[in-house]
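Participant: Input: one structure, supplied below.
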Amino acid sequence: MPTHSGKRPPEDRRRTEHRNPASKNLDRMSAAQIVRLMNREDRRVAMAVQRELPSIAKAADAIVHSLQSGGRLFYVGAGSSGRMAVLDAAEIAPTFGTLPQLVQALIAGGRKAVTSAVEGAEDAVRNGERDLRARKFTAKDIIVGIAASGTTPYVLGALTYAHKRNATIIALTSNRRMPITRLADIVIAPEVGPEVVTGSTRLKAGTSQKLVLNMLSTATMVRLGHVYENLMIDAVLTNKKLEDRALRMLAEASGKSVSASRQALRQAQHDIRVALVILKRGLTASGARKLLAGAGGNLRRALGEAQ
């Protein structure tokens with residue numbers, strides 16, 4: 001409905017807030033009809049993300065450059081978007097063996113907001129800036145603002161501060177040409193359309209965010225050398241399942257037996273990267289570490305394999 005000025009209110013431009021014609025009789029559908037409808041709508045998500053692949057790749061390259069230059073990666077979001085940010089950031093250190101502070105997530109309302117709604121948290125513009133200041137955010141760092149609507153005040157506050165600091169800004173949204181995109185150097189906007197439940201962006205919008213964050217963090221960590229072939233060579237071995245996985249990885253990557261891999265992993269003090277050099281180059285743990293240090297930590301170079 002037009003306002004007194006004749007302009008449509010901002011929410012009218014947000015396709016994620018429109019009603020989906022396919023689900024207008026949702027409350028009269030059987031469970032089978034509901035899940036079939038949701039499955040049809042979810043198929044649109046992958047196609048929407050596919051259209052954004054050039055921007056996603058550009059963003060990943062920018063993140064790699066920032067981290068190689070001594071910066072950190074920050075995700076910032078509110079509600080469902082913030083939870084997607086927290087989920088992805090939490091997985092990076094154990095999966096790729098990085099320091100916990102390298103990839104950080106800020107969610108409006110803080111830790112409590114991860115599991116509960118914090119009333120009014122996303123509306124506090126100043127809190128976005130405050131939370132970045134508390135992490136000593138600098139121009140070296142890079143930030144991904146995540147907001148399905150593209151108008152979340154908390155996220156806009158954080159990105160405005162990042163802009164003042166001359167940091168690189170990436171916007172991840174489901175609605176193009178919104179305030180978040182005007183602050184960004186790189187825009188990733190999978191336009192997934194109206195949700196099955198009107199405005200419930202934990203659905204298609206949230207799925208698209210998860211897919212994009214998976215791509216950004218995985219591509220970044222691979223390019224930074226935290227994966228050998230397609231193996232998690234820097235994974236932190238915190239339980240028996242992960243240790244067994246490490247033994248299988250070492251045996252497959254080296255062509256040696258599981259028994260030899262176990263011995264190498266023990267000598268390497270559970271450092272998979274060092275253990276692989278022991279196995280493939282026939283070195284002691286000390287020799288393997290020296291070789292890796294001489295190669296600047298580059299595993300392919302330490303193994304004498306062409307890049």
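The values are calculated or read from the model by the stated rules, or taken from the named source; none is laboratory data. Just so it is clear, the structure is predicted and the values come from calculations on it, not from any experiment. Positions of Cβ are generated from backbone atoms using ideal geometry, with glycine treated the same way; all protein chains shown enter the neighbour counts.
Participant: Among the numbered criteria (1) part of a loop (DSSP other than H, G, I, E, B); (2) outside the structural domain of residue 63 (by TED's automatic domain parsing), which single criterion is violated by residue 291?
Facilitator: (1)
Participant: Return a yes/no flag: does the range 90-103 have any residue that is assigned to a strand (DSSP E or B) and either under 19 Å from residue 159 (Cα atoms) or polar (S, T, N, Q) (or both). Can you show your working first?
Facilitator: Step one: list which residues in the range 90-103 are assigned to a strand (DSSP E or B), which gives 103.
If we keep only those that are either under 19 Å from residue 159 (Cα atoms) or polar (S, T, N, Q) (or both) too, we end up with 103.
Yes, there is a match, as at least one residue in the range 90-103 is assigned to a strand (DSSP E or B) and either under 19 Å from residue 159 (Cα atoms) or polar (S, T, N, Q) (or both).
Participant: Which of the residues spanning the range 138-168 are surrounded by 24 or more Cβ atoms within 10 Å (Cβ to Cβ) and either in a strand (DSSP E or B) or aromatic (Phe, Trp, Tyr) (or both)?
Facilitator: 142, 143, 144, 145, 146, 154
Participant: If you don't mind, there's one more thing I want to ask. Do any residues in the range 15-29 that are in the same structural domain as residue 201 (by TED's automatic domain parsing) have Cβ atoms under 6 Å from those of residues that are at pLDDT below 95, where the two are at least six apart or on different chains, and which pairs are they?
Facilitator: Partner pairs satisfying both residue conditions: none exist.
Participant: Next question, about the same structure. Any idea which of (1) assigned to a helix (DSSP H, G or I); (2) surrounded by 22 or more Cβ atoms within 10 Å (Cβ to Cβ); (3) touching a Leu at 6+ places or on another chain (Cβ under 9 Å) is the one residue 210 doesn't satisfy?
Facilitator: Against the list (1) assigned to a helix (DSSP H, G or I); (2) surrounded by 22 or more Cβ atoms within 10 Å (Cβ to Cβ); (3) touching a Leu at 6+ places or on another chain (Cβ under 9 Å), residue 210 comes up short only on (2).
Participant: Shifting gears a bit: Restricting attention to the range 101-131, and to residues there that are surrounded by 15 or more Cβ atoms within 10 Å (Cβ to Cβ) and within 18 Å of the chain's Cα centre (by Cα), which single residue is farthest from residue 78 (Cα to Cα)?
Facilitator: 102
Participant: Please determine, by comparing only the residues of the range 40-78 that are under 15 Å from residue 217 (Cβ atoms) and of a type in the set (Ser, Thr, Tyr), which one is surrounded by the most Cβ atoms within 10 Å (Cβ to Cβ).
Facilitator: In this case the residue turns out to be 75.
Participant: Give me a count of the residues in the range 183-192 that are touching an Asp or Glu at 6+ places or on another chain (Cβ under 8 Å) and surrounded by fewer than 22 Cβ atoms within 10 Å (Cβ to Cβ).
Facilitator: Qualifying residue count for the region: 0.
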